[in-house]
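Structure, as structure tokens:
The values are calculated or read from the model by the stated rules, or taken from the named source; none is laboratory data. Just so it is clear, the structure is predicted and the values come from calculations on it, not from any experiment. Protein only, heavy atoms only, side chains kept; ligands, DNA and RNA dropped before computing areas. Shrake-Rupley method; radii C 1.70, N 1.55, O 1.52, S 1.80 Å.
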Amino acid sequence: MNERTPEPAGSRTRSVVCSRCGATADSLPLTWTCSVEDGTRLYFCENCARDHIRSIESRLDSAWW
């Protein structure tokens, strides 16, 4: 019998890229922001999120800022 032990959620490490400035991180930092635009998940680094927080909170697409 070949049973697999399920992996805990978030255990897979993958590189994340900021959709605004191109900054990268080895895994998704807690300080980054996620947005879904046209069905695509976009990530923004802490600096870009801080610079554009009002637009993000207003739910404007990143093309507007």
Collect the residues in the range 14-39 that are open to solvent by 80 Å² or more (accessible area, probe 1.4 Å), assigned to a loop (DSSP other than H, G, I, E, B) and among the aliphatic types (A, V, I, L, M), keeping them in residue-number order. 28, 30
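Test residue 11 against the criterion of being open to solvent by less than 90 Å² (accessible area, probe 1.4 Å), modelled with pLDDT of 90 or more and at negative phi, and give yes or no.
It is false that residue 11 is open to solvent by less than 90 Å² (accessible area, probe 1.4 Å), modelled with pLDDT of 90 or more and at negative phi.
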